[in-house]
Amino acid sequence: MARKKSAGKKHSGMTARQQQSQQIMRAKAAQKKRQALLKKVYVVGGAACVMGLIITGAWCIKTGAIGHAAQAVVDSGYAMTARAGFSVQSLYLEGRSRSSMDEINKAMDIKKGDPILRISLQDVRERLEKIESISHATVERSLPDRLYVRVVEREPVALWQNNGKIALVDDNGVVMTGLDMAPYKQLPLIIGADAPQHVKDVLGLLAAQPDLARRFSAAIRVGDRRWNIRINNRQNDMVEVKMPEDNLMDAWTKLAELQESEQVLDRDIKEIDLRLQGRMFIKLSPDQIPGKNNNSARDT
């Protein structure tokens, strides 16, 4: 028996201080486990409570029975989840380059520490998409405490002038105000109250004929029916091209062909009328044919 006792002491090989340190470590580990278990119970209980409150709140709203007391109970439930760790601590925003940060913050209306489960992702998305410069937004939760917001901004394609004011428009005709105009001074200029809704007409013409696009100055919407397009001639004077209501591309292509074959835009002319299919009317500058009618017509 004595040998057994002695062998046991030798096997343990630990001093009193080491044994005490080990006991402290075991106690700390046990305490952490208890805290983790309590937190889980707290979270599950809080979540169950919130779910119950949300269901009750929905019933109250549906039946018209909600009041200050019911709202206070719902607020208390969300506060419980926030104390359990489900509160906004980080918010990540991607995709913004030209949109106003003040507008975005106002639309999101989210502060650090807000209960993350209370935030309506759909409401935040809808508010963001009301900003003129934002085409699409997504909002995601990453529990327990992160929000990810991604925005797709509208791409300006033209400058729009109306009533003496200039704004940017995208290819769907959406007007964007309050943006810095400096980076977009080279964009095509469109003029007229309803010009943004028809901006794709102008973009299509310019893309189809690069040589004419280089001479382009502005496109003016006339009577919500058609366009007058201003281009520069060789003297850098303005030539007004009256486009037809229909078959714009055909008329524009014929003008490009005539310019290539006869350099009509290199002459001193004031106006080209393409409104009648198959016909082109050219108005020369007043000093080109003294004493004579300065209008000519030709078949195209």
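Every read-out reported here was derived from the displayed coordinates using simple, explicitly stated rules and does not represent laboratory data. If you're wondering where the values come from, they're calculated on a predicted model, not measured in any experiment. Cβ placement follows ideal geometry from the backbone for every residue including glycine, while neighbour counts extend to all protein chains displayed.
Some observations on this one:
- Between residue 89 and residue 186, the distance separating the two model label sites (each 7 Å from Cα on the Cα→Cβ line) works out to 4.7 nm.
- Here the contact order of region 196-258, divided by its residue count and restricted to Cα pairs under 8 Å and six or more residues apart, works out to 24 percent.
- Theoretical FRET efficiency, 1/(1+(r/R0)^6), r = Cβ-Cβ of residue 200 and residue 110, R0 41 Å, to 0.05: 0.65
- Relative intensity, log₁₀ I(q)/I(0), of region 158-299 from a Debye sum that treats every alpha carbon as a point, q = 0.13, 0.19 Å⁻¹: -0.59, -1.13
- If you take all other residues with their beta carbon under 9 Å from the beta carbon of residue 155, and give Lys and Arg +1 and Asp and Glu -1, the sum is -2.
- Taking the Cα centre of region 158-299 as origin and assigning +1 to Lys and Arg Cβ atoms and -1 to Asp and Glu Cβ atoms, the resulting dipole is close to 320 debye.
- Summarised as an ellipsoid, region 118-183 has semi-axes of 31, 11, 9 Å, derived from the eigenvalues of the Cα gyration tensor scaled by 5 and square-rooted, with the largest first.
- Assigned charges on the beta-carbon of Lys, Arg, Asp, Glu; region 69-143 dipole about Cα centre (debye): 200 debye
- Long-range amide H partners of residue 158 with built H, under 5 Å: 169
- Taking region 177-209 and a reference point 7 angstrom along Cα→Cβ of residue 97, the backbone N atoms nearer than 13 Å belong to 183-184.
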